[in-house]
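Here is the structure we will look at, set down as structure tokens.
The values are calculated or read from the model by the stated rules, or taken from the named source; none is laboratory data. On a predicted model such as this, the values are computed, not experimentally measured, just so you know. Positions of Cβ are generated from backbone atoms using ideal geometry, with glycine treated the same way; all protein chains shown enter the neighbour counts.
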Amino acid sequence: MKVGIIVGSHRSESQSSKVAKFVNSQIKKLRPDATIFIFDLRNNPLPLWDESKWKSEGNLTKLWAPISLELSDCDSFIIISPEWSGMVPAGLKNFFLYCDNELAHKPATIISVSSSMGGSYPIAELRMSSYKNTHICYIPEHVILQKIDGILNDDVFDEKNKDDYYVKNRILYCLNLLMLYSEAFKGIRKSDVIDLKKYPYGM
Ligand SMILES: Cc1cc2nc3c(=O)[nH]c(=O)nc-3n(C[C@H](O)[C@H](O)[C@H](O)COP(=O)(O)O)c2cc1C
């Protein structure tokens, strides 16, 4: 089992990275056998997509190659996205442009992050517009993390810390479900029904 964690914030010290750290620690507890690949978009490691990505010797193709290998190896993904101006950060949308079939027919869950009471928009945006050509399969469960500065600052599950305790358990529930989907989807990808050569792009 290999799990990919994509961190969608471009900020060098982001709350989304903090969330990834927590998620990473919980997956290790749930599935000690799992390998985890964290791809953090801090400081924009991916330039804006251009057509050199379509050329086998293009600069972007070379840059993407090792990332592509890691993603292709993953069985499922956690997409962590902050809400920026009511949107998903441009770098995260750019990441999806780079993807060919690395995420195809693999389950994923979304965790959105807000310093205030936001976080709904990234969920709606990702569910609406990031799956068509990537063929990523978002599971019905997602998590919205609000007032993020005050929660998830450690790995301790303390009932007295009500909001923190609730979201930590909610994340755990979501990750447990994602692990089940990960196993189940392996069979789907092994089937001979999927034909990404014939239908590389969703309708
Ligand atoms: C450019 C920008 C726009 C933002 N717009 C929103 C917003 O529309 N709604 C919201 O709840 N938070 C907004 N925030 C605050 C983020 O929720 C906050 O930075 C939070 O820590 C998550 O982002 P991070 O992972 O980059 O730290 C914005 C932050 C930035 C940097």
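General observations
- Of all residues in region 99-117 being surrounded by fewer than 19 Cβ atoms within 10 Å (Cβ to Cβ) and over 25 Å from Gly187 (Cβ atoms), the one that is nearest to the chain's Cα centre (by Cα): Ser115
- Taking region 129-162 as the range and being within 16 Å of the ligand (Cβ to nearest atom), on the phi > 0 side of the Ramachandran plot and surrounded by 17 or more Cβ atoms within 10 Å (Cβ to Cβ) as the test, only Leu152 passes.
- Complete set of residues in region 153-203 that are of a type in the set (Val, Ile, Thr), farther than 20 Å from Tyr131 by Cα and in contact (Cβ under 8 Å) with a residue 24 or more places away in the chain: Val167, Ile171
- Remark: pairs (first residue in region 103-119, among the basic types (Lys, Arg); second residue near the ligand (Cβ under 6 Å from one of its atoms) and modelled with pLDDT of 95 or more; Cβ separation under 6 Å; 6+ apart in sequence or on different chains) are absent.
- In region 88-128, residue farthest from the ligand (Cβ to nearest atom) [restricted to those that are over 18 Å from Ser17 (Cβ atoms), among the hydroxyl-bearing types (Ser, Thr, Tyr) and in contact with a Lys or Arg (Cβ under 8 Å, 6 or more places away or on another chain)]: Tyr98
- Matching option when the condition is without any contact (Cβ under 8 Å) to a residue 12 or more places away in the chain, more than 19 Å from Ser182 (Cβ to Cβ) and over 15 Å from the mean Cα position of the chain (by Cα), among Lys21, Lys62: Lys62
- Condition check for Glu141: under 17 Å from the mean Cα position of the chain (by Cα) and assigned to a loop (DSSP other than H, G, I, E, B): yes
- Considering region 1-87, the qualifying strands (runs of 3 or more DSSP E), each wholly inside and each with 3 or more residues that are more than 16 Å from the ligand (Cβ to nearest atom) and surrounded by 14 or more Cβ atoms within 10 Å (Cβ to Cβ), run over 2-7, 35-40.
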